[in-house]
Every structure is written in structure tokens, then in C-alpha cells.
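Chemist: Here's a structure for you.
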Amino acid sequence: AINKIKSMKNGSIISLPIQLIDLSKNKRLELICEDDSDFIQLIESIKEIGLLQRPIITVNDDNIFPLEGHRRILALKKLNYDNVSCEIKILETEELNQLTSLIANTARKNWNILAVAKSLSILYEKSFTQERLAKLIGKERTTVLRLLKIANWTDEVHTIITNNYDKISQRSILNIASRKLTDEDILNEVKILCGIENRKILDKN
């Protein structure tokens, strides 16, 4: 099945046995509660009218796994479906590496915000839309936009964040990215956040 998918074009449609699709790469699925109202509604919708939107899958040398549609595939498994119709997305090696790193990183509670931001930036440059990236990491589009801004901060800012990662929170970094600031302003805000500079002294200067 993997070799067959690799030989097909992007956007091709294929029907696959659900058991061949590896859902383990997305650890957020472990957080899905079968009693959750949204998940129950998804199951009822599939029962009534079928699956309206195909999952998007890709492959590496060893696995077939979904880029989008993890919850839909899980719902089909709960309904004892044997097969699912999927759209194929063939990724370049760099895209696949970044995607695997991104999914593994965001599955952790304390994910590394700079690593995620840089992976998102690479995938964005490879024509992944902000909406698709938001679905991949399970975040709002505004969060993806802020992470893309963080990826473009200067090397000096990135170094300060890396060296002081235990002193700051993801939320505080995202808060800085939510504001319209110059590179100098961002540097000053990060220094204040890390305790390197004092705001009163900077304001006085």
C-alpha cells in the first residue's frame, strides 16, 4: 500500500483499510473523550449522511498516517468501518521531517515554542496554509500567525529565549508576538521577560 501511494499524484483519491493507517503519531487523540458532545455529534453525522470530507494522508518509508482527519478516522473505527476514502498528499523529505517533528513536539504538554515556530515557518514556505497548519497542531489560526512571527524574530532574540527557557512561559512569548513591535522593541521585551533588563531603566533611557 505504501509503494502504491508513493506512485500516485498529489490529490489522488484512494480507499484504504482503516487498520493500515497509523494514528499513533498524533498523541492528541489520547485526549479525545468518546463521551464528548462534539465527537458524539461527528459519529451521528457519519451514521446519518456518511463522511462528507475525506481525511488527507501521507506516507514515509514505514507508515501511512493522516495529515488531517484523525478524529474522522477514529469515528469510523468506532462505527466498525473497514475502509476509508482518503486524499493523498505526497511530501518532500524536508516537509515530512518537519511535519513529524512538529506533531511529536506539539503532542507534549511543554512543547518547545521555538522548535514549533521554526517547523511551522518551513512548512508555510512549502505552501502549507495557516488554516492547515492550525489543524495539524490543534491550535487557533491566530496562534499559528503568532508562531510564524516568532520564527522570524532575530537570532539574538532566539538565543536569549533558548538560554532562559526555564524562566518564561509560552503564553508570555505569544503575548509579545501578538503586538506590533519593532525588532528593537521585541528584543527589549524579551530581555525584560527574562530578567536581563529592567523596564523602568529602559523607559528612562
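Chemist: Please work out the FRET efficiency for the pair ASP185 and ASP82, using the Cβ-Cβ distance as r and a Förster radius of 41 Å; give the result to the nearest 0.05.
Modeler: Working: r = 57 Å, r/R0 = 1.38.
With a Förster radius of 41 Å, E is 0.10.
Chemist: Tell me the carbon and sulfur percent of the accessible area for region 72-205, rounded to whole percent, probe radius 1.4 Å.
Modeler: In region 72-205, the share of accessible area belonging to carbon and sulfur is 44 percent.
Chemist: Roughly how many Å² is the accessible area per residue of the chain, as a whole number, for a 1.4 Å probe? Don't skip to the answer; put the middle values down first.
Modeler: Details: 12070 Å² over 205 residues.
That works out to 59 Å² for each residue.
Chemist: Another one. Can you give me the distance in nm between label points at ARG171 and ASP36, each placed 7 Å from the Cα along the Cα-to-Cβ direction?
Modeler: According to this spin-label approximation, the distance is 2.1 nm.
Chemist: Let me ask something else about it. So, counting K/R as plus one and D/E as minus one, what does the shell of residues with Cβ under 11 Å around TYR81 add up to? Please list the in-between numbers first.
Modeler: Working: positive: LYS47, ARG72, LYS77, LYS78; negative: ASP82.
Here the count lands on +3.
Chemist: Name the residue from LEU123, SER85, ILE150 whose Cα lies farthest towards the positive end of the charge dipole of the chain, charges +1 on Cβ of Lys and Arg and -1 on Cβ of Asp and Glu.
Modeler: ILE150
Chemist: Here's a follow-up. Can you check what the net charge comes to around ILE13, using other residues whose Cβ is under 12 Å from the Cβ of ILE13 (Lys, Arg +1; Asp, Glu -1)? Let's see the in-between values first.
Modeler: Values: positive: LYS9, ARG54, LYS89; negative: GLU87.
Net charge around ILE13: +2.
Chemist: ASN175: net charge of surrounding residues, Cβ under 11 Å, Lys/Arg +1, Asp/Glu -1, itself excluded?
Modeler: Values: positive: ARG146, ARG171, ARG179; negative: GLU189.
Once all neighbours under 11 Å are counted, the net charge is +2.
Chemist: Note the listed values (1) 20.4, 68; (2) 20.8, 73; (3) 18.6, 62, then indicate which one is Rg and Dmax of the Cα atoms in Å calculated from this particular structure.
Modeler: Structure-derived value, by its label: (1).
The values are calculated or read from the model by the stated rules, or taken from the named source; none is laboratory data. All values derive from a computational prediction rather than experimental measurement. We place every Cβ from the backbone using ideal geometry, glycine too, and count neighbours over all the protein chains shown. Remember, those area values only see protein heavy atoms, side chains included, never the ligands or the DNA or RNA. Shrake-Rupley method; radii C 1.70, N 1.55, O 1.52, S 1.80 Å.
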